[in-house]
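Student: Would you mind keeping the following structure in view while I ask a few things?
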Amino acid sequence: MVGVVFGVLGPTVAFAGDGDGRELALKGPRHRAVLARLIVARRRVVPVARLVEDLWTEPPAGAVGAVQTFVAALRRALEPDRPPRTPARLLVTDGPGYALRAAPDTVDAWRFESALAGAADLPAPAALSTLEEALGWWRGPAYAEFAGEDWCRAERARLAELRLQAVERRAETLLALGRPADAVPDLDAHLTDHPWRENAWRLLALALYRQHRQGDALAVLRRARTVLANQLGVDPSPHLRHLQSDILTHSPHLDHPSRPALDDQAQPPPTQGRGERRTQPPQPAPDTATDGTAQLWTQAAAAYHRTVAGGARTRLHSTIGLLRNLAVTGGAGLAEARRHRTAAIAAAEEFADPELTARVIGAYDVPAIWTRADDPTAAAQIVAAAERTLEALPPGTPAHAPARCRLLATIALETRGATGRRGPEAAREAETLARRLDDPALLAFALNGTFMQSCTRAGLAPRRDAIGAELVELSARHGLVTYEVLGHLIRLQARAALGDLDAADHHAATADHLAERHELPLVGVFTEWYGALRLSATGQPAAAEKAYRAAATRLEGAGMPGLERGLLPFALLCLRVTHGHPVDPAPEPGQGPRPDWGPYRPWAEPFTLLEAGRRAEARTALRALPEPSHDLLYEACCALEAEAARRLGDRAALERARDRLRPAAAELAGAGSGLLTLGPVERYLTDRR
């Protein structure tokens, strides 16, 4: 086999195997990515199409040729002495793709796994030597330069877990050799970075006890209880509780330098087909793909629960990621995600670690399309926590820039529909930071905040259309599916506002296609409401009313109270006003139920009172109207105010509403919501009989 040694326990490197330790020139980052991707595949073939998919979010026209170029350059670096036109022996072509036929002992990650597995069967002195050598091969996080790539995320996490196990096995071996003093420093450092590792707490307490430091050992167990119970929300395991009792009673077995079996957390995961021993029988294959997915989910969740202590920092951060995925499922998932999100933020703040809190707040980058909050109280709590965290993070520190950007984008999102300067300011700062950092996912999140603050006055549909267009292009290029859907929904709204229903139809269809492919059920709520809007805008009021009532059933239980409450009666009011149909009159006090208009009651009352013949009350209601919320129904409310003022002959109120509406003179009133319309804005700017 060709003498090349590969390193992925840190940045990806290759060294000549001739003994001089010379690092081979691997050229650019994509060359290294190809090599790393083939190492992850463990000698298996990776099809060229898969390499293209992994290397580019939006592959260029010559992507296949580029991969071939990268492979050719790698072959020259790895086999410089290979005669021309002879087959490669290391990086080989096999069927539809390529494979790296590296020997098991030539890749540091593979050697590390073998060493860790083999140490379990060695006498303590040999096991210690093996573990120390293996831990010395780590130069940084595995596949360090590819931390954000999906194709190596699972492998990086697996190797990181094995490294933690190796650290704890080394400490266990030192105790077995009667060297507790040597185990303490490394365990202390290990627990500083990984405080959820209960086995490490056990080993540290035991090491201190065997140095005749009973008080220190008990203090460690108290500290473990504080971290695990008080701060992280779980009780210590029975192992730790029993150890505390044994220390207090000087149980004889604690002094015996045997090697007790590690608990489940410290056992290496079962592997098959890689030279390691099988530790459990293989599971039967599922009958269907659905069963297989369910089984995989159950097993992965169980492994995570077993490995990462409840409430640990890692679990807290992972919880937010889970909630983010839960939110886009709609219905109960969205409501549960909102409820648990505030609890997760509160738990993060208990650590008094602003960087952790920033990660927990900022990781919930769920695309949002509706500019009215579903839970204003929770939104205010989130904004307050984000502001506190911003104050605790030094603004001039480059390392904190991504966290600050996410916090600012969160503030922009959660102050949607509110008046005041903070939301727009936060949106501008977040977008500026994101563009400077050149992070596509961060920019998409920031642009969502910019969109949420784009309803400060009428006539801003072109601006929202530009935001949507950038989101579509950015997200399609970088594989940000949920933000690509958001971009299409924003463009649906904006093109509808501008009267370009053909373009709006295209964006609705594209959003539906992506939603079906990626299981995003909430998208259909918005596209179905757009269908009703379109019927109204094209002069079909009877069909539109039927469509609105059908669309409203999709909202029930969708988990979006900020959108649902009062929307159907408000949409029907707009439909009837637009087409000159009578509206439902307001019932006399104490006579009959009143519709739930939600936040739109002030703009409905002048019409319902006027229809009931209560003109004076209608005029009073008109004069009491506040400025509409800065959301996607701003123009609709202004148009209703203008129409009510015209019908009541209130010139002052009419001019006030017209002043607000004039910047949107070329638009369809209310259509920027993507849900309803009152027809052309121009009709509300001119006097009509």
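The values are calculated or read from the model by the stated rules, or taken from the named source; none is laboratory data. These figures come from a predicted structure and were not determined experimentally. With ideal geometry, Cβ positions are generated from the backbone for all residues, glycine too; neighbour counts draw on all protein chains shown. What goes into the accessible areas is simple: the full protein's heavy atoms, side chains included, and nothing from ligands, DNA or RNA. Shrake-Rupley method; radii C 1.70, N 1.55, O 1.52, S 1.80 Å.
Student: Of everything in segment 372-409, what is among the hydroxyl-bearing types (Ser, Thr, Tyr) and farther than 28 Å from Arg565 by Cα? Give them in sequence order.
Tutor: Scanning segment 372-409 gives Thr389, Thr397.
Student: Scan Arg241, Arg225 and give me the residue that is open to solvent by 50 Å² or more (accessible area, probe 1.4 Å), assigned to a helix (DSSP H, G or I) and touching a Pro at 6+ places or on another chain (Cβ under 8 Å).
Tutor: Selected residue: Arg225, the only one of Arg241, Arg225 that is open to solvent by 50 Å² or more (accessible area, probe 1.4 Å), assigned to a helix (DSSP H, G or I) and touching a Pro at 6+ places or on another chain (Cβ under 8 Å).
Student: Take segment 523-544 and flag every residue that is in contact with a helix residue (DSSP H, G or I) (Cβ under 8 Å, 6 or more places away or on another chain) and open to solvent by 50 Å² or more (accessible area, probe 1.4 Å).
Tutor: Glu528, Arg534, Thr538
Student: Six or more apart or on different chains, Cβ under 7 Å: which pairs go from a residue in segment 526-553 that's without any contact (Cβ under 8 Å) to a residue 12 or more places away in the chain to one that's open to solvent by 10 Å² or more (accessible area, probe 1.4 Å)? Could you list them?
Tutor: Ala543/Leu535
Student: Could you please find all residues in segment 369-401 being over 30 Å from Val523 (Cβ atoms) and touching a residue at least 12 places away in the same chain (Cβ under 8 Å)?
Tutor: Those that are over 30 Å from Val523 (Cβ atoms) and touching a residue at least 12 places away in the same chain (Cβ under 8 Å): Glu387, Arg388, Thr389, Leu390, Ala392, Leu393, His400, Ala401.
Student: Failed condition for Asp105, given (1) open to solvent by 10 Å² or more (accessible area, probe 1.4 Å); (2) in contact (Cβ under 8 Å) with a residue 40 or more places away in the chain, with all others met?
Tutor: (2)
Student: Looking at segment 470-492, is at least one residue of a type in the set (S, T, N, Q) and surrounded by 20 or more Cβ atoms within 10 Å (Cβ to Cβ)?
Tutor: Yes; the residues of segment 470-492 include at least one that is of a type in the set (S, T, N, Q) and surrounded by 20 or more Cβ atoms within 10 Å (Cβ to Cβ).
Student: Under 7 Å by Cβ, and 6 or more places apart or on different chains, what pairs join a residue from segment 181-200 that is closer than 10 Å to Leu164 by Cβ and open to solvent by 20 Å² or more (accessible area, probe 1.4 Å) with one that is aromatic (Phe, Trp, Tyr) and in a helix (DSSP H, G or I)?
Tutor: none
Student: Would you confirm whether or not segment 560-570 contains a residue that is among the acidic types (Asp, Glu), buried (at least 16 other Cβ atoms within 10 Å of the Cβ) and not in a loop (DSSP other than H, G, I, E, B)?
Tutor: Looking through segment 560-570, at least one residue is among the acidic types (Asp, Glu), buried (at least 16 other Cβ atoms within 10 Å of the Cβ) and not in a loop (DSSP other than H, G, I, E, B).
Student: Test Asp687 against the stated conditions and say whether it is acidic (Asp, Glu), modelled with pLDDT under 95 and either in a helix (DSSP H, G or I) or surrounded by fewer than 22 Cβ atoms within 10 Å (Cβ to Cβ) (or both).
Tutor: So Asp687 fits the description; yes.
Student: Continuing with the same structure: Give the residue, chosen from Glu161, Glu172, that is buried (at least 22 other Cβ atoms within 10 Å of the Cβ), within 25 Å of Ser114 (Cβ to Cβ), touching a residue at least 60 places away in the same chain (Cβ under 8 Å) and out of contact with any His (no Cβ under 8 Å at 6 or more places or on another chain).
Tutor: Unique residue meeting the criteria: Glu172.
Student: Would you please list the contacts, defined by Cβ atoms under 7 Å and residues six or more apart or on different chains, that run from a residue in segment 50-63 that is part of a loop (DSSP other than H, G, I, E, B) to a residue that is of a type in the set (Val, Ile, Thr) and surrounded by 14 or more Cβ atoms within 10 Å (Cβ to Cβ)?
Tutor: Short answer, once both residue conditions are applied: Pro59/Val52.
Student: Go through segment 75-96 and give me each residue that's in a loop (DSSP other than H, G, I, E, B) and either surrounded by 15 or more Cβ atoms within 10 Å (Cβ to Cβ) or within 39 Å of the chain's Cα centre (by Cα) (or both).
Tutor: Within segment 75-96, Glu79, Arg82, Ala88, Leu90, Gly95, Pro96 qualify.
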